[in-house]
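Working notes, structure below.
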Amino acid sequence: MSRVVFSTWRDEFIDNRGKPVDEWKESAFKLPETYNADTGSKAFIGWDGVAIFDDDIDAVELASQYAAQYQEYSEACGRCAPGRWGGRILYDLLDKIARGEGSHEDVSHLKEVSETMMATSKCEIGKTVPKPILDLMEHYKGQFDTCIDAQQPSKHYGGDTSYIAKVTAPCTDMCPAHVDIPAYIEGVRDMIFTDSLAATRQTMPLAHTCGRVCPHPCEDACRRANLDEPISIMELKRIGADYETDHALPWQHPFEVQPPRNDGKKVAIVGAGPAGLTAAYYLGIQGIHVDIFEELPVNGGEVAVGVPEYRMPVEKYNKDIQLVLDLPTVHIHNNHRVDAERLKEIDAEYDATLLAFGTRLSKKVRAANENPKMGGYWGAIAMLDKVNLWNKYGIGSPASNELKDKVVVCVGGGFTSMDVVRCSIREGAKKVIMLYRRDEKTIIRNTTYEEYHEAVEEGVEFIFHSAIEEIFDDGEKITKLKVNRFELVPDPDGGRPQLQKIEGADFEIECDYLIPAVSQSADLQLLPEEWNIELTSWNTILTNGRDFMSSRPGLFAAGDCEYGPMTIVNAVGQARRAASVISRYIYDGKVSLTDEEIMEDHLNKLKVYDKNEKITGWMPGLPRAVSEKLSVEERKTNNKEVNLGFTGEEAIAEAERCMRCYYISMVAV
Amino acid sequence: MGATHNSINTGKPITVTIDGKVCKSTFGKTILEIARENDIYIPTMCYLTKVQPIGSCRMCVVNVEGVDGMILSCQEKAVDGAVITTNNEALFTERQNIMKLYDVNHPLECGVCDKSGECDLQNKTMEFDVDQQNFTARDQHRPVENWGYVSYDPALCIMCEKCVRVSTEITGDEALKVKFGGYGSTIINVKKEKNYASLGDAAAVCPVGALVSTHFKYTSNAWELNKIPSACPHCGGGCQMYYEVKRDRIYRVTNEYEFTNLCGAGRYGFDYANEGVSKDAEAFAKAVEAFKKAESVIVAPQISNEEALILQKLKEKYGFKLVSHEARAYQRFMRAYSEVTGKHLYGGDLKRLSESQAIIVFGSRVNNDAPTVKYHINMASKWHRARVAYMHPMEDAEMQHIVTQFIKYEVGSEEGVAALLAHTLLEHAELPQSVRGILDDLDIGNLSAECNVGEEELDALKRSLIKKHGFSLVVGSDLYMHPRAEQIAKLVALLETYAGFNVICVPPAGNAMGLSLICDLDDAAEGYTVGYDVKADFTLSALGNGDLDMPALNQQEGTLTTVDKRVVPMHVALPYGGYVLNDIANALGLRAKYTIDYTVQLPEEKGFVKTAFDDLPEYFDAVGTEHRGYLLNAQQVESGCELDEIEEIEAFDGAIVYRCDPVDQFSPFTAKAKLLEDEPVLLGSSQFAAAAKLKEGEHIRFEVDGVVFERLFKIDTDMKGTIALNPTFDMGLSSSLLSSYRFSRLVYEKINIGNNDE
């Protein structure tokens, strides 16, 4: 997949040096053989080996620069004896050799200190840095020997090669917001909870929120799973946020808030949901003027009016929101609906505009006689709006007026449908049924184990492998549903099993409400037709997924209106990147990425997590901590937060299980 | 309440094998802890028993059968059945290499280093035979920093991070942090301007000479000092300490830092001895006569249990009134308390406090009153994410990072607050009919208004306790001297008996607790009075300005009674040439060769144990269990709880002063300590200044309990409200004359001081 001169990446060994080009072996990995559109790449060196793309590489300088990057990497290191001194010794000795002042004894000391670092360092960065250096010393021994024997500098020493490095971790890489997870976990381990929170907020302003309701894709890339069970990453995030709130501390910003620039530049953001708030935060903290236009009287978007109180107490979410709105250059305009006319005005007035209005139209279930205007037919978004506006803000009226003692059927399988059924229970519904096309395993994968089990405990009836064929009504309201059942039939050719309708297994459900929660779509009415904004096949705004500018210059999009209905953390990750691009665009009119961002994308493509890697140096079998929840009886008739969070003992034990899998990688260009 | 939530299975019995030895323990303990329980040695450089594992040195790596790589024994919990090897050639090599790394560029200045002779780096360098250096790195220039009480030399620092952990987990000053940065990483003090004396506790754990007490620098070689084990007499905490002495001078105070803590007063307030005293036979004869004719004896609480017993015996013999105001108030409070609990002591202790998930502090400015108690609250906050409700009329900015709910009440309304607390926290408790009746009849709306404690605040308090395990209640001196102290005591005691609270009634400073247990105290002195460290008609004084000199507590043998209900020994650190109380007692007809002959006679009915002074143990075992003196036995007392109606709450309007010493000051003895430099000023907010019509820099004169204070007024911008802090530590022989409620209205006259000098 990648063309290399030489590679030891992830246990492969390719050495094409001196071979005719047609006999060259390719690397199996998506290595960064070109850096970006205008720049090639000479070599890539990292935790798992080294790959050389340019035969003329200076291996000695490459090794010494990698050690230097490790030295400069100052976010976490210096915190164990082998890493602190060993890293410095590595660099000093390698640079000595590269300068042409080294000896063969230095090489043996290098190997000795490398062994100690690999065996005893605190985090993976110290354990892995020596590996590619030893690889280079072994396979490019000639270059090292020349420097030593001739006492001459390495072949391009001090030349014009640039080295661009980036620190990551498997969890950080997998997190759409690239949160520095090991750092915030270390903050908990150190019991300096403010540091933990500041680490989270480097790339994730919604710490309360994503410490509670994130589906934590990071945990699927946790190396601890290779040993026993993944770290409970998400729940540890909440601890810093709770600490700040509980002690009424001043905002723990990750960087100093810059004074307002007052240079006439300003950015408009449409929508005050997770994406809009995130972009506002990272623009505002730099002193850039931001106006947010929000249609609703309340802030927070779908997390405010969609995610129920028992999962995400608004009091806590409001802290995340206030963090953003307290920035001196961020201003919010509520009850401000942006339509096509207004968007044209905004576009003309602002230096850049970010669309972050989400997906707020409920899709239909596609059954016969489906009439959204029929009584009892209630779109999930509208239903959750009603529940949450009343429960959290006292706006409107209680949904129990509609749902008490009623039979509610929800069609779904994702987070939104879980919120619908669990809210229905809390609003006093007599019976709540969830219809889902696929099986239990899939619903758990689409949501979380906890979410599904808590719903079952609360009395939701799940009917898997089912779909509505026809809806019946009495002219005023829905009366019953005809439901088909399906089964998974294995493909005789060995392909994916197919869902097949079971003949004669249809059944009927009498019900009062049908709440479709199959998916949502973006309400695109605000896009002026004449702009001809390019859309995806899902009817969301098309960008290249890296800089988040739409087909119209200066018009950006992030979050669900760009990606389609997805997670909060995805919206945060996109919006932060968009904010970064916008922060430069408004000055130079160019769409550009930083080296950090380019490397982030390279690593993401390469894949940082290796599920087959064998873990050494850690005690297996330490149980993953699970926070205490309110019992069913304590929770199902109210909106109290279900998850009580970790005890201190659990939090520390869990943080101590984290292996700090920091990796450093570097490209030579 | 269901079973205690415990998702990580701590406490399950396990068996592991370490170096062939079968060790039984429980899950949750680390490999290193189990090794130490079994006397198996694993070398460490950064391990500190009293904090959570740090894991910076990596010396403690071990091998576990079936597990690849080296395992960090200080942090990794042992799993059942693990077979562990703590030493072999490969482990030795790695440990040796780590020592070589530590030695890279470590300045060779052992000859002038304070730590030399007791330095872990020296010891381990020798232990691992590091006699040559394979590694070198470019050195960096890093100047020494003077932070006040402590100084930091980054060149000597090995970045073990122990000091940061103490600052975070133990003392909670949170001044020290790690500044990350690879080889250039260093320890920084982010609160230099505060010059916390508690940083002495962080310096105490430094394994090398990097963080040291500034005053001790370059004064003595460690090995020339004689360690005298003792207990700190200042706050009533009775913390373990050593006086380190050479040629009749105390050079410094150290402690068993691996397991215990010592606040700034204990560590730096050691030079209060009554020096240069010789036997003045004439004064002694007058003292004996004074006792003979005394109608009253008034005593400050800075005396030993044995001295207290001598006074009690003299009282019994001569019939004088024996007065000690704070101890008396505490005695009355505890008597009322025990009427509810049926035990003569409160049930709480510091260890359980540090393990609590929810803590209420009521009626004490605890950071000033009892640093060791504050440390244990901080531990609970850090280790157990404890909810800490702080109930007091004044906020304390120093507690913000520990406190999760500040509940402010009106000055004087403590009885009402206690009733509200009992009502809130005993809602579902099974109570005696009479108590339930009184609680149910409370007019909560009215009480809440009178105390200015909102019902929503109480609701929030109750909510914060949901599903928590381990509740503690810390109460303090504001309550003991309250006019309604006995009623408050009973309300508070209900929480111990009926809601399972770990209650600590923090004793007032000194040995007030010992006095309150040993002596039959009277309320007020009358007639001809002998004072002991208190100004009276005839004054015995360890402060050196009385009619007859007495030894200070670091010049005496004897025992103290501590907040942890422990009786602990003190030894003589400095010589004393004069008469002691025992000499007077012998002249008055008692018979004991030494004061400590009374140790064995301390009253068993008050929980003291019949043990001779010389038989009191003084050590900590390998896992840190304290064997120091003994714990008082809780005695059953007659119970029968009669609650009164809640009295009308007296309103305190306008400017108020609160008797409260600066952190690390407790008495005229700490005031004498040269290292503890605190200015005795009246400290208030600008709001107080407005209410009192005072300006910063003005001098005023006011009176409390007949004691006249002349104070310079200063504004503290961290403070709020109309209450000012009025210290008493500088009041010498007058400070123990104070006997009323800690808050008082300020009525003053302005005086001119200092203007003439300018």
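All of the numbers you see were taken from the coordinates with simple rules; none came from a lab. Because the structure is a prediction, the values reported are computed rather than measured. Neighbour counts are summed over all protein chains in view; Cβ atoms, including those assigned to glycine, are modelled from backbone coordinates with ideal geometry.
Observations, loosely collected:
- DSSP-assigned coil residues among trypsin sites (Lys or Arg not before Pro) in the range B:246-284, each with at most 16 further Cβ atoms within 10 Å: B:ARG247, B:LYS279
- Helical runs (DSSP H, four residues minimum) scored at -39500 (n - 2.57) apiece and divided by the length of the protein assembly as shown put the mean residue ellipticity at 222 nm at -9000 deg cm²/dmol.
- Ranked list, fewest to most other Cβ atoms within 10 Å of each Cβ, for A:ASP48, B:ASP201: A:ASP48, B:ASP201
- Distance between modelled label sites at B:ASP19 and B:GLU275, nm, 7 Å Cα→Cβ extension: 4.7
- For the range B:567-576, 3J(HN,Hα) per residue [Karplus equation, 6.51 cos²θ - 1.76 cosθ + 1.60, θ = phi - 60°, Hz, x = Gly/Pro]: 9, 10, x, 10, 10, 6, 8, 10, x, 9
- Shape category assigned to the range B:333-505 from the gyration tensor of Cα positions, a/c cut at 1.5: rounded
- Here the protein assembly as shown carries DSSP beta bridges of which approximately 55% are antiparallel, counting only pairs with both residues inside.
- Interchain or long-range residues, amide H under 5 Å from B:ARG628's placed H: B:TYR619
- Ordering B:VAL253, B:ILE723, B:HIS141 by the projection of their Cα atoms onto the charge dipole of chain B, which places +1 on the Cβ of Lys and Arg and -1 on the Cβ of Asp and Glu, puts B:HIS141 at the extreme positive end.
- For peptide A:240-247, the mean count of partner chain Cβ atoms within 10 Å of a residue's Cβ comes to 3.
- For the range A:482-630, the square roots of the Cα gyration tensor eigenvalues, ordered a ≥ b ≥ c, give a/c of at least 1.5 with a/b no greater than b/c, which places it in the oblate category.
- The peptide list B:363-375, A:529-541, B:520-532, put in order of mean Cβ contacts within 10 Å with the highest first, becomes B:363-375, B:520-532, A:529-541.
- Pairwise centroid distance, computed over Cα atoms, of the range B:317-360 with the range B:694-743, Å: 27
- Ordered by the count of other Cβ atoms within 10 Å of each Cβ, fewest first, B:TYR480, A:TYR436, B:TYR630 give B:TYR630, A:TYR436, B:TYR480.
- Hz values of 3J(HN,Hα) by residue in the range B:405-416 - Karplus curve (6.51, -1.76, 1.60), Gly and Pro given as x: 8, 9, 10, 8, 10, 6, 4, x, 8, 4, 5, x
- Chain B: angle of helix B:371-384 to the longest principal axis, Cα-based, in degrees nearest 10: 50
- All other residues whose Cβ lies under 12 angstrom from that of A:ARG445 are scored, Lys and Arg at +1 and Asp and Glu at -1, for a net of -2.
- For B:ILE407, the amide hydrogen comes within under 5 Å of the amide hydrogens of B:TYR390, B:MET391, B:HIS392, counting only partners 5 or more places away or on other chains and with H modelled in the peptide plane.
- Each label point was placed 7 Å from the Cα along the Cα-to-Cβ direction; for B:THR717 and B:GLN133 their separation is 4.7 nm.
- Cα-centre dipole for the range B:640-758 with unit charges at Cβ (Lys and Arg positive, Asp and Glu negative), debye to 20: 440
- Selected from B:THR30, B:VAL503, B:ALA493, residue furthest toward positive end of dipole (chain B; charges at beta carbon): B:THR30
- Nearest-0.05 FRET efficiency for B:ASP705 and B:GLU645, computed from C-beta distance (R0 30 Å): 0.60
- Beta bridges by DSSP in chain B, antiparallel share as percent, to the nearest 5: 60
- DSSP-assigned coil residues among GluC sites (Glu not before Pro) in the range B:541-639, each with at most 16 further Cβ atoms within 10 Å: B:GLU638
- Fewest-first sequence of B:ASP139, A:ASP195, B:ASP478 by Cβ atoms within 10 Å of each Cβ: B:ASP139, A:ASP195, B:ASP478
- Under Karplus coefficients 6.51, -1.76 and 1.60, residue-wise ³J(HN,Hα) of the range A:307-313 in Hz, glycine/proline x: 6, x, 4, 5, 9, 9, x
- Inter-part distance where the range A:253-272 and the range B:253-293 are each reduced to a Cα centre, Å: 63
- Rounded to the nearest 0.05, the FRET efficiency derived from the C-beta distance between A:SER551 and A:LYS477 at R0 = 35 Å is 0.20.
- Counting only alpha carbon atoms, the long axis of helix B:325-341 and the longest principal axis of chain B meet at about 80°.
- For the protein assembly as shown, the Cα-based Rg and Dmax, in that order, read 35.9, 117 Å.
- Farthest positive-ward along the protein assembly as shown dipole, Cα basis, beta-carbon charges - from A:LEU134, B:MET513, B:ALA524: A:LEU134
- Residues with amide H under 5 Å from that of A:LEU535, placed H, sequence gap 5 or more: A:LEU542
- Sum of side-chain charges, B:PHE362 neighbourhood, beta-carbon under 11 Å (Lys, Arg +1; Asp, Glu -1): -2
- In loop segments of the range B:298-343 as defined by DSSP, there are no chymotrypsin sites (Phe, Trp or Tyr not before Pro) with at most 10 further C-beta atoms inside 10 Å of their C-beta.
- Computed from the alpha carbon positions, the gyration tensor of chain B leads to an equivalent ellipsoid with semi-axes of 43, 33, 28 Å, biggest first.
- Centroid-to-centroid, using Cα positions, the range B:22-78 and the range A:470-507 are 58 Å apart.
- What you get for the range B:333-505, charging only the Cβ of Lys and Arg (+1) and of Asp and Glu (-1), is a dipole of about 860 debye around the Cα centre.
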